[in-house]
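Okay, so here's the structure we're looking at.
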Amino acid sequence: MATLTSARDFASDFEAIRSQMDDIFRSLGVSSDIRAYSRGFPSLNIGSTPDAVELVAFVPGVDAASLQVTIDKGLLTIAGERQSAIPRDVAGLNVYAQERRHGAFRRVVELPQDADPDAVDASYVDGCLRITVRKRESSKPRLIPVQ
């Protein structure tokens, strides 16, 4: 005889599996977030202009001093940690829900080949980390005079 499972049971089972996967990745020091996963932290906006690649990471509640931005072999990495907003030293505190993500995070973005890893600016204002990676001059279109 087939066992019927309600959609509600399926959703809670799926959430339990996702939570276990997050725990496994966290224990390895790796973020389980991927760009297509809607709960990725930090959320990213990525675009380009003729002169640069522009990236904005939304990291509210993260101290700018704890952010690390690195570029290695064409990969831009943003890493840091957001502390929990719930105090840990309160006796008898029962937490019923905690939807704001906290803990260490790491996001990696592959840069286009025309990005110049030696020409990078980063600034942090109001919880938004803005990173500008200028494009190599040699990759920009140019007019070649005919003699």
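Each reported figure results from applying straightforward, stated rules to the coordinates on display, with no laboratory input. This one's a predicted model, so the numbers in the text were calculated from it and none came from an experiment. For neighbour counting, all protein chains shown are included, and Cβ atoms are generated from backbone atoms with ideal geometry for every residue, glycine included.
Decide, for region 42-82, between rounded, prolate and oblate: order the square roots of the alpha carbon gyration tensor eigenvalues as a ≥ b ≥ c, take rounded if a/c falls under 1.5, and otherwise choose prolate if a/b is larger than b/c, else oblate.
Values: a/c = 2.70, a/b = 1.53, b/c = 1.77.
Judged from the Cα gyration tensor, region 42-82 comes out oblate (a/c at least 1.5, b/c at or above a/b).
Would you mind ranking GLU15, GLU81 so that the residue whose beta carbon has the fewest other beta carbons within 10 Å leads the list?
Numbers: GLU15 10, GLU81 14.
Fewest to most other Cβ atoms nearby, the residues stand as GLU15, GLU81.
Looking at region 85-147, which GluC sites (Glu not before Pro) are in a loop (DSSP not H, G, I, E or B) and have at most 10 other Cβ atoms within 10 Å?
In loop regions of region 85-147 (DSSP not H, G, I, E or B), the sparsely surrounded GluC sites (Glu not before Pro) are GLU99.
Could you check the simple spin-label distance between LEU75 and TYR96, using points 7 Å along Cα→Cβ, in nm with one decimal?
Calculated label separation equals 4.3 nm.
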